[in-house]
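Chemist: Can you read through this structure? Questions will come right after.
The values are calculated or read from the model by the stated rules, or taken from the named source; none is laboratory data. If you're wondering where the values come from, they're calculated on a predicted model, not measured in any experiment. Every residue, glycine as well, gets a Cβ built from its backbone with ideal geometry; the counts of neighbours run over all protein chains shown. Ligands, DNA and RNA are excluded from the accessible area calculation, which covers all protein heavy atoms including side chains. Shrake-Rupley method; radii C 1.70, N 1.55, O 1.52, S 1.80 Å.
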Amino acid sequence: MPSSPTAAGLALGALADLAFADPRRGHPVAGFGRAAGALERRVWRDSRAAGTGYLAVCVGTATALGAAGSRLTAGRPLARTALTAVATWAVLGGTSLGRAGG
C-alpha cells in the first residue's frame, strides 16, 4: 500500500496531467527517448550481448533515478509528494494521448 506522500503525489501528478498535458518542447520522456536513440545508433549491432547491454543501460538509468529520488526524499514527506507528482505528470501522458486519439 502506498504511503500518504506517495498517494498524494500520484493524485497531484494526475491532476497536473489533466491541467497542463505534455509540453510541446523539452518533455523529459522525449529527452530520454532521444538519449536512448543516440545510444542505440552508437552501440547497435546484430548481437544479443550488445542488445542486453543497451537494455541494461536504459533500464538501469531509469531505475537509478527512481532509487536516488526515493533515497533523497526519505523522511521528507513534502519532497516525496512533490517528486512523485512531477514524475507522475512526466510519465502519465493521458491528456495528450486522449487528444491525439480524438
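Chemist: Report whether or not residue 91 is surrounded by 12 or more Cβ atoms within 10 Å (Cβ to Cβ) and out of contact with any Ser or Thr (no Cβ under 9 Å at 6 or more places or on another chain).
Modeler: The answer is yes for residue 91.
Chemist: Hey, does region 21-38 have a residue that's aliphatic (A, V, I, L, M), open to solvent by 100 Å² or more (accessible area, probe 1.4 Å) and either in contact with a Ser or Thr (Cβ under 8 Å, 6 or more places away or on another chain) or on the phi > 0 side of the Ramachandran plot (or both)?
Modeler: For region 21-38, residues aliphatic (A, V, I, L, M), open to solvent by 100 Å² or more (accessible area, probe 1.4 Å) and either in contact with a Ser or Thr (Cβ under 8 Å, 6 or more places away or on another chain) or on the phi > 0 side of the Ramachandran plot (or both): absent.
Chemist: Take region 43-85 and flag every residue that is at pLDDT 95 or above, β-branched (Val, Ile, Thr) and surrounded by 12 or more Cβ atoms within 10 Å (Cβ to Cβ).
Modeler: 57, 61, 73, 81, 84
Chemist: Next question, about the same structure. So, of the residues in region 20-38 that are in a loop (DSSP other than H, G, I, E, B) and without any contact (Cβ under 8 Å) to a residue 60 or more places away in the chain, which turns out to be nearest to residue 66 (Cα to Cα)?
Modeler: Once the filter is applied, the top-ranked residue is 26.
Chemist: Identify the residue in region 1-10 that is without any contact (Cβ under 8 Å) to a residue 12 or more places away in the chain and hydrophobic (A, V, I, L, M, F, W, C) and, among all such residues, is most open to solvent (accessible area, probe 1.4 Å).
Modeler: Applying the filter and picking the extreme gives 1.
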